[in-house]
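First the structure, in the form of structure tokens, and then the observations on it.
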Amino acid sequence: MAKTKTQFSCQNCGHNSPRWLGRCPMCEDWNSFAEETNLNLSNDQSSLASVRDDFRGMKEATWENIGVHGAPPIQSESSTSPAWVSLDAPGEDGPDAPPDTQKKIHLRRLTTGIPELDRVLGGGLVADSFTLLGGDPGIGKSTLLLQVAQGLKTHQKDLKIFYVSGEESIDQIRGRAHRLGISGKNQIFLASENQLERIFASVKELRPHVLVMDSLQTFSSQFSQSAPGSVSQVREIAARLMALAKSAGISVWLVGHVTKEGNIAGPKTVEHMVDTVLYFEGEGGQSYRLLRTVKNRFGSTQELGVFEMDGEGLREVSNPSSLFLSGRAEAVAGTAVAVPLEGSRPLLVELQALVVRSTLGTPRRTSVGMDNSRISLLAAILEKHMRLKLSEWDLYFNVVGGLRLSEPACDLAASAAIWSSLAEKALPADWVFIGEVGLTGEVRKVPQIELRIQEAKRQGFKVLVLPQSIPKRVAQMVSSDQSVRIITLSRIEQLSKLFST
Ligand code: TYD
Ligand code: MG
């Protein structure tokens, strides 16, 4: 008989404690501890083993008969085979592999029919991967996954998708699917169910290739006695779904609501267990949505997908620069355009600064979208090297469109916006600024400058303000192009001279 153990868990980060704490020592969240009862099943291994036993052998049959090729990334764990394989074993990518398999990509990838999402996933959905999609309630997670189901179905004949909702009734899901113009064609199956073991029984019968679980906090497993949505319950669910993904070769999507209150465990508590973590974000009142990769075992974590929500669901935005620059006022003081890289993709973004005379002893520095300390640092650099009296002014800074920028390559544009607001001089609307600013006032080169320049040109910008130290070949490339002019700076104080002419 398993021993029942009581403990307290932080519902925000999952930190455990034998007694109740007012504030979590790990994530410093207040009032987030809740009592949980664990069935102490020697770390739940027996519950996971039962999933593996149940679905063993299903994986190979699942994919080959629908024509999705490539070796599975993880070997099946049969008890008769050894617990290890050689890195260069035949069939893998090593030198001993048969010649025709050497060049093959060994992950089975499926297209979701949504190129923005495929890119964010690192080139499509990996067949037996476990993906967590987090986001605020109402942001569009269920809508996105219904559209993914439609895309997967359209592009992969005979692929079966099983959409399980613990929140909505079948009629509600159907209604939404019909509004989005999605039809099942005997490839999309729905269930409204909260109990994990019953869902597993349906999976065994239906044998889907892709399983969508919407949402994490609504499911419960009989192996955990805690309430649905508690840390131990969501971890149990995630662990069992991971075992399912790997042993049955099913691609599992798990939706997780981000919660502000501490009573329901957020997706953060299971991030470490899954292959890929995506977050769907949006600004209040805005129609666009950003899909970010936070973790990806099969690709880069820097990718960003941009979508727009309208009456017909989510639409990809393939030219996000135009979205972030739209509505830009012509030539007003306090704005400048930067070219950050989001993953592999350059974007043009407007930065805004507002300086107003301070009534406080220590002037206020408030930034949205860029790190506050980076803005304070730039203000200090401008004060020292451009002799701006910024210590007498409050400084408010904003990245238009709700993007969060962390790249130093935006320093020069941020400095230009601050300077422009203080000087009350508008910068020309067709200029972009690319460069990092060092503490000694030097303007430094940035990675991938060619990509950024190309994007700026593509969006019709005419003057590029760049670091002097750009590679020669880049300078030649730009100067041979009559449509743009470049201005190079070696030091930040040259900024003000640019506009005094
Ligand atoms: P939903 O996918 O249910 O969000 P989540 O699963 O993340 O909680 O999205 C709900 C919101 O999206 C709702 O406020 C209405 C809006 N929406 C549209 O604007 N257009 C549409 O076509 C659909 C289906 C939803
Ligand atoms: Mg939903």
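The table below gives the values:
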| read-out | value |
| --- | --- |
| Furthest towards positive pole of dipole, 18, 229, 155, structure part the chain, Cβ charges | 155 |
| Surface per residue (accessible, 1.4 Å probe) for the chain, Å² | 45 |
| Rounded to whole Hz, the Karplus (6.51, -1.76, 1.60) HN-Hα couplings of the range 162-172, x for glycine and proline | 10, 9, 10, 10, x, 10, 10, 7, 4, 5, 5 |
| Aspartates and glutamates whose Cα lies under 19 Å from that of residue 457, excluding same-chain neighbours fewer than 8 positions away | 330, 342, 350, 430, 481 |
| Amide H contacts of residue 368 (H built 1.01 Å from N, under 5 Å, at least 5 apart or other chain) | 397, 398, 399 |
| Size of charge dipole - the chain - debye, nearest 20, with Cβ of Lys, Arg +1 and Asp, Glu -1, no other charges | 860 |
| Estimated FRET transfer efficiency when R0 is 60 angstrom, pair residue 368-residue 6 (beta carbons, to 0.05) | 0.90 |
| Computed [θ] at 222 nm, helices only, for the chain once each DSSP H run of length n ≥ 4 contributes -39500 (n - 2.57) | -8000 deg cm²/dmol |
| Accessible area in the full protein assembly, largest first, 1.4 Å probe, for 431, 30 | 30, 431 |
| Dipole of the range 323-499 [Lys/Arg +1, Asp/Glu -1 at C-beta], most positive-end residue of 476, 358, 396 | 476 |
| All lysines inside 16 Å of residue 204 as judged from Cα atoms, apart from same-chain residues fewer than 8 positions distant | 59, 160, 246 |
| Fraction of antiparallel bridges per DSSP, the chain only, in percent to nearest 5 | 55 |
| Contour excess over end-to-end distance, with Cα ends at residue 326 and residue 440 and 0.36 nm allotted per residue | 37.5 nm |
| Sorted peptide list for 173-181, 318-326, criterion being average Cβ within 10 angstrom, highest first | 318-326, 173-181 |
| Long-range HN-HN contacts of residue 304 with modeled amide H, under 5 Å | 344 |
| Fraction of accessible area attributable to carbon and sulfur, the range 352-493 (%, probe 1.4 Å) | 51 |
| HN-Hα J in Hz across the range 379-387 - Karplus 6.51, -1.76, 1.60, θ = phi - 60°, x for Gly and Pro | 4, 5, 5, 5, 4, 6, 9, 10, 6 |
| Percent accessible area from carbon and sulfur atoms, the range 139-269, protein chains only, probe 1.4 Å | 50 |
| Sequence-distant residues sharing a close amide H with residue 485 (under 5 Å, placed H) | 463, 464 |
| Residue 35/residue 448 FRET efficiency (R0 30 Å; Cβ-Cβ; nearest 0.05) | 0.05 |
| With all protein chains modelled, accessible area of residue 393 [1.4 Å, Å²] | 60 |
| No Cys partner within the rule (Cβ under 4.7 Å), the chain | 410 |
| Pairs beyond 29 Å (Cα-Cα), from 389/462; 425/462; 185/268; 5/295; 425/445 | 389/462; 185/268; 5/295 |
| Per-residue SASA entry for residue 279, accessible area with 1.4 Å probe, Å² rounded to 10 | 30 |
| Cut-off 15 Å between beta-carbons: net charge of the residues surrounding residue 427, Lys and Arg +1, Asp and Glu -1 | +1 |
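The values are calculated or read from the model by the stated rules, or taken from the named source; none is laboratory data. On a predicted model such as this, the values are computed, not experimentally measured, just so you know. Counting neighbours? That spans all protein chains shown, and the Cβs are built from the backbone with ideal geometry, glycine included. Note: accessible area is taken over every heavy atom of the protein model, side chains too, but ligands, DNA and RNA are not part of it. Shrake-Rupley method; radii C 1.70, N 1.55, O 1.52, S 1.80 Å.
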